[in-house]
1. Hey, can you tell me all the residues within the range 415-432 that are modelled with pLDDT under 75 and under 17 Å from GLN323 (Cα atoms)?
2. Pairs only if they're at least six apart or on different chains, beta carbon under 8 angstrom, first in the range 25-36 and farther than 18 Å from VAL217 by Cβ and free of Cβ contacts under 8 Å to residues at least 60 places away in the same chain, second in a strand (DSSP E or B) and among the hydrophobic types (A, V, I, L, M, F, W, C); list them, first residue then second.
3. Taking the conditions exactly as written (among the hydrophobic types (A, V, I, L, M, F, W, C) and within 33 Å of the chain's Cα centre (by Cα)), does LEU112 satisfy them or not?
4. Counting only residues that are within 22 Å of GLU224 (Cα to Cα) and either without any contact (Cβ under 8 Å) to a residue 24 or more places away in the chain or of a type in the set (D, E, K, R) (or both), how many does the range 260-272 have?
5. Out of ARG150, ARG120, I need the residue that is under 21 Å from the mean Cα position of the chain (by Cα) and either at positive phi or surrounded by fewer than 21 Cβ atoms within 10 Å (Cβ to Cβ) (or both). Which one?
6. What is the number of the single condition among (1) over 16 Å from VAL360 (Cα atoms); (2) surrounded by 12 or more Cβ atoms within 10 Å (Cβ to Cβ) that VAL246 does not meet?
7. Of the residues that sit in the range 196-238 and are assigned to a loop (DSSP other than H, G, I, E, B) and surrounded by 19 or more Cβ atoms within 10 Å (Cβ to Cβ), which one is modelled with the lowest pLDDT?
Amino acid sequence: MNATNNKVKCQCTKCSSCPEGFKWIAKKTANTHKRIDKVGEVLRQRSFENTFEQPTTSTERSTFEEFDIDADMDVDMDEEMTNDQQLAYFLVLYLVLFQAKHLSVEAGEDLLAFLSFFVRALGHGMEIPTKISTARTMVNYSSASSGVSRFLVCSLCRSVYDTGSLHTRQCPFVRFANNPHRQERPCGNSLFVGSSLKPVLEFPYNSIVETLKKFFVRPNFETEIEQWRGRYVEEGVLYDIYDGRVWNEMVDSAGEPFVSKRRSLMVSLNVDWFQPSDGMHYSCGGVYLTINNLPRSSRMKVFNIILVGMIPGPGEPTDDQLQNFLRPMIAELNTLYGGMMMPTYQNRNGEMVRVALMSVNCDIPAARKVAGFMGQSAHKACNKCSTVFSRISTGANSTKPDFSEFDDEHWILRNNTQQRQEAYAWLNATHITQQRTLQTDTGSTPKRMVEVWVDHGLLTTADFKAMADETASIAIPSQYCKISKGIQV
């Protein structure tokens, strides 16, 4: 507390930008600042995907940047917010949140106009804005979406474009631009609706750097991400991700263990698709990052998850199309791997923050898409080894891999060099037939393990009969497929 009893030191997001890193203000004003910061954090986590229904104009963006929230919302250091000001603030806050989730901008402004008329009719002197852009500025809504950008998406080939670098209304993507035999035509699909400036599809992207800047100004964040260093570890026991091989063996550009320095974050990537509403065939994809340095008790909480982007529908992108949506994230991760200075709660002048992607945590189909592997129905269906599985006929012109036919003594494990060579060969292909050949990549058929066991007397007819009897005694729920009645070589 300062010498003046009604003044307190405020270190909110707004006041921390002062040269001293704080500001002495009235106690009630400081409490308002805290509420604003809390609202901004909730908005960032819960309303991110709802802020893109209506494009933000350049006028609105400039208003966000130029508006000083202390000038209108927060009274001067020697004043307090009146009851009318506080009521107006919370009414506008509610309407801004409601509009972002349920209404268009036009409908939201109609509701604001009605509320403004209603409070005046009741004789209140509170000022209610009639524009959504003004209302958002009043409650500091822009801070919740800072770092969020929009990319244009081609609805045909799913190419992704930065709005600032695009100078055409049609998609300019050429799939095989380096084909030496013929000039491939660009996609040419329209990126906008009719003659308007409304994009057909948008990809909202949330900057990892800007999100981490918000995380690091939290009072306890730096302490929580370093708690794992002081935990008790029993020899030979794996308690958490910190005890794993990747955590301890991943190195930085200097060859040192990546987590040897403080504020070195190890993150996991998750990509998954979902239907936003029941009764519709429309699939959206969420791209998330989890900070593994945090304790398990808070690692998966909503406010600690980084929602990187929302992949638009109506269907899932193909393996190569998905990479278009991951490129902005990869660019930021490459920068953060080397380190970036960020102001933190413990040091407003900045500390070096590093980030490394240590794992991809998805279900099998999504994990294969993200990592660039073929699906589980491919000839090379395993992402760990180069085994080429034989095929089983499932009907007319249809087959599936036979996962029972492999020889674990002759597994050829994949390695980083091989993966990069095959990836570059696929990217440099000049025709789709070359890509399909690389995807198929046939090889010799391995021996059947069961036949080997029978030949060596490890499995007998009595063994097969015992297995068949055991199988027949298993009761299978109605929603599952029936087990084959016969077990034989």
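1. Taking the range 415-432 and keeping what is modelled with pLDDT under 75, we get 426-432.
Scanning the range 415-432 gives TRP426, LEU427, ASN428, ALA429.
2. Sorted first by the residue in the range 25-36, then by its partner, the pairs are ALA26/VAL8; LYS27/VAL8; THR29/CYS10.
3. Values: among the hydrophobic types (A, V, I, L, M, F, W, C): yes; within 33 Å of the chain's Cα centre (by Cα): no.
The answer is no for LEU112.
4. Residues flagged as within 22 Å of GLU224 (Cα to Cα) and either without any contact (Cβ under 8 Å) to a residue 24 or more places away in the chain or of a type in the set (D, E, K, R) (or both) within the range 260-272 amount to 4.
5. Working: ARG120 fails: under 21 Å from the mean Cα position of the chain (by Cα).
After ruling out the rest, the residue left standing is ARG150.
6. The single condition VAL246 does not satisfy is (1).
7. Narrowing the range 196-238 to residues assigned to a loop (DSSP other than H, G, I, E, B): 196-198, 200, 207, 217-220, 225-226, 231-238.
Within this subset, residues satisfying the condition of being surrounded by 19 or more Cβ atoms within 10 Å (Cβ to Cβ) are 217, 225.
Values: VAL217: 92, ILE225: 95.
Taking the candidates together, the pick is VAL217.
Yes or no, residue by residue, for (1) surrounded by fewer than 14 Cβ atoms within 10 Å (Cβ to Cβ); (2) part of a loop (DSSP other than H, G, I, E, B); (3) at pLDDT 80 or above:
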residue: TYR345; (1), (2), (3): no, yes, yes
residue: LEU357; (1), (2), (3): no, no, yes
residue: VAL370; (1), (2), (3): no, no, yes
residue: SER377; (1), (2), (3): yes, yes, no
residue: CYS382; (1), (2), (3): no, yes, yes
residue: THR394; (1), (2), (3): yes, no, no
residue: PHE406; (1), (2), (3): no, yes, no
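The values are calculated or read from the model by the stated rules, or taken from the named source; none is laboratory data. Owing to the predicted nature of the structure, the values given are computational and were not obtained by experimental measurement. Cβ sites come from the backbone with ideal geometry, for glycine too, and all protein chains shown count toward neighbours.
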